[in-house]
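Working notes, beginning with the structure itself.
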């Protein structure tokens, strides 16, 4: 294009000196030039005249501004853009290194570690751009430059600018936006939405090519290649290169799924999957038979049906070593921030809570900024006090590049706050400020600190984020102080009822001063929800209070992320409407993209639905934002890995939790139960319980006493069980998944000794108690389960079977992949106690084949299975699943 070059040279004279042509493509010609102002080499890309004529300069340059705002170490920046003599151009740094295409031409296949590193770095760049609303649309080896052994993505946003500015007129030029070998089915067809998952697909193609030597789909024409993308299965990667780890192949296959919804939903998830040390297949056992499927279609979708997905696929293993989930990949970007606990300089008294409250609310402000990575409060609380490790060690522990430190003092009605932001790599102060304001200005201080931090680390704020950081939640300073104090009690560890009661009163006091305080209403709704969900008050009245406060918060502030979290918890905890919960949490995630708890809740809901790959993806994100949260790893071990029969992973998760919080007794108890499920070994559990005081509160697991009586029953120690029951003076043992009268345990102890009359009397005492309780809580499955066992013990078979039918028809049994198996297990016990061996065996097989806490070892140990122990079907199940170490 000699004419074009002359025009370009003439127009840019004085700014750039064109030196030579570097190459041509379908959309542009690239020239090497010298930036005369900055004395540096640059690459100028000039769109073809035909393309420029179709686009028009104004729209193209307006759209390309989006790409110019991207600032990431793995993205080639855009220096300049404009129009020169009717030509459209943009200017980038001249990359002296080679492109990935150049390296592939030379080497054909890359080393596995090199290929994975390049893919992860490109995915990191994509994830950042996607969070800024930019989709690349043309990821290919030519657009991946290799500088100092690191990947840098070029032409970011250019394809989008052309597509948006030119629309359907682009086709008239004969130019395709994208490259056929790397185009997703929806991009190739032109009929589906091209979003971030299309970039994930393209990156999957590039990684496939780096490992095998050619893209997954090739052909002689563009149409043939696009048809193969749409129709053909992915050619087996390990058939071409057997040294590739199975987990890598499976991750690539997921990235190359035909349907966008079946791929990784974000590039970050793809990168995290590739970064794992390996993947573990869940099971090789066959799924339940067709007869089982026809009998319980919906429940099988949660048990056997999920098992089919799990059995036929692979799940990623989170890193659970002593350094946490991200220790192998420390992050030192300044935009990755840890806000250490603020030092409280106030005297003990009513303002002692202020430092903690301000600290938590500052974190919440920063959670709103998508361009940041902000470590959650739980993970930084271990760095409180004067004797903390060096900042570089903290940065390495948490995977951050910036550290915020501060102190808070309330003196004579004034609030004094000192804050400093430090570059962890250099110890340089990026920003510092001292505030001396009235207590009424607490929120203004938080808002200013958050905005100063964002500016100091050069992060970009959207308009909505700017408004979110500036909006005051209340104009009543006293109400805000009460809210801060209530939050301090709400988030205390341990799931303790007494803390939630105090938080409830403080939020009510705040609302009495400002009824329009939406944030306080959302927090009060959460308190009601926790009391309901964790069974401290499972009454309909408590659920109604949770709903009323959440709805009130949304009426007051429809865009408040915390209000959407509150309504999501209404759907999750109050209604078991898991789809509704996911919808609300998705809205909250947009407003609080860095809040680990939102990701944890998303993972928890997917867990109830049995969407196990989504569970692990969400929890991986949560652990990266909250790498030192013992409760998170506690839940991951018990509610995820135990349920999936991945006992070794469960033990690692509990060990990680206990390394972070040695006094987290529930994790130690659950680790003990894991060895029971896994190996039939009771010694670990016995040793754990022997070290705990008798009245230890284990939260939703009940108490030390409730766990001890269960162990004694399984050990068949009737005498010891009766002695403990005399000492503990408890009428009912209860936890989130059980309500068992002490008299029921007494009945079982007498049965172990063959004392029928004493057992019958104890069973009848338990019946009387449960009959009174069930009138107050008629929909509580735990009470129906206990009552069924009591009625079976009394020989009232028909009534016991009615309770078994009630459990089978319950919404928990049908629709909950976590509690559903527990309900099913209790139902099977009732059937066994009532002599219904065949039906009990059907239920047992479903539980053994799918996610549940039942194992062959628990079947062998628990005396409640004795009535059917010698039945051929029961013995066949022990034989069938006894050889599988995961069952």
In region 761-769, is there at least one residue being farther than 24 Å from residue 823 by Cβ and crowded, with 16+ Cβ neighbours inside 10 Å?
-> yes
Determine which member of the set 100, 36, 51 is at pLDDT 85 or above and over 42 Å from the mean Cα position of the chain (by Cα).
-> 36
Name the helices (runs of 4 or more DSSP H) wholly within region 404-516 that hold at least 2 residues that are within 23 Å of residue 374 (Cβ to Cβ)?
-> 442-456, 463-470, 477-490
If you take the residues in region 627-644 that are at pLDDT 90 or above and assigned to a loop (DSSP other than H, G, I, E, B), which one is surrounded by the fewest Cβ atoms within 10 Å (Cβ to Cβ)?
-> 643
Just need a number here: residues in region 565-586 that are in contact (Cβ under 8 Å) with a residue 24 or more places away in the chain, closer than 25 Å to residue 517 by Cβ and under 17 Å from the mean Cα position of the chain (by Cα).
-> 5
Residue check, residue 579 under 19 Å from residue 530 (Cα atoms) and out of contact with any helix residue (DSSP H, G or I) (no Cβ under 6 Å at 6 or more places or on another chain) = no
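Conditions tested, residue by residue: (1) at pLDDT 90 or above; (2) crowded, with 17+ Cβ neighbours inside 10 Å; (3) in contact with a strand residue (DSSP E or B) (Cβ under 9 Å, 6 or more places away or on another chain).
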| position | (1), (2), (3) |
| --- | --- |
| 390 | no, no, no |
| 402 | yes, yes, yes |
| 413 | no, no, yes |
| 419 | yes, yes, yes |
| 454 | no, yes, no |
| 461 | no, yes, no |
| 472 | no, no, no |
| 488 | no, yes, no |
Lone qualifier among 483, 489 - being outside the structural domain of residue 340 (by TED's automatic domain parsing), within 20 Å of residue 354 (Cα to Cα) and under 26 Å from the mean Cα position of the chain (by Cα) = 489
Some residue of region 739-749 being surrounded by fewer than 20 Cβ atoms within 10 Å (Cβ to Cβ) and in the same structural domain as residue 827 (by TED's automatic domain parsing) | no
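Conditions tested, residue by residue: (1) in a helix (DSSP H, G or I); (2) modelled with pLDDT of 95 or more.
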| position | (1), (2) |
| --- | --- |
| 678 | yes, no |
| 700 | yes, no |
| 726 | yes, no |
| 751 | yes, yes |
| 762 | yes, yes |
| 778 | no, no |
Restricting attention to helices (runs of 4 or more DSSP H) lying wholly within region 790-858, give those where 2 or more residues are touching a residue at least 24 places away in the same chain (Cβ under 8 Å), outside the structural domain of residue 765 (by TED's automatic domain parsing) and touching a helix residue (DSSP H, G or I) at 6+ places or on another chain (Cβ under 8 Å).
-> 837-849
Restrict the check to region 680-697 and report whether at least one residue is surrounded by fewer than 17 Cβ atoms within 10 Å (Cβ to Cβ), under 39 Å from the mean Cα position of the chain (by Cα) and over 30 Å from residue 496 (Cα atoms).
-> yes
Could you check, for region 534-543, whether at least one of its residues is assigned to a helix (DSSP H, G or I) and crowded, with 23+ Cβ neighbours inside 10 Å?
-> no
Residues of region 587-611 being assigned to a helix (DSSP H, G or I), surrounded by fewer than 24 Cβ atoms within 10 Å (Cβ to Cβ) and touching a residue at least 40 places away in the same chain (Cβ under 8 Å), which ones?
-> 591, 597, 608, 609
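The values are calculated or read from the model by the stated rules, or taken from the named source; none is laboratory data. Owing to the predicted nature of the structure, the values given are computational and were not obtained by experimental measurement. So basically every Cβ, Gly included, is an ideal-geometry build from the backbone, and we count neighbours across all protein chains shown.
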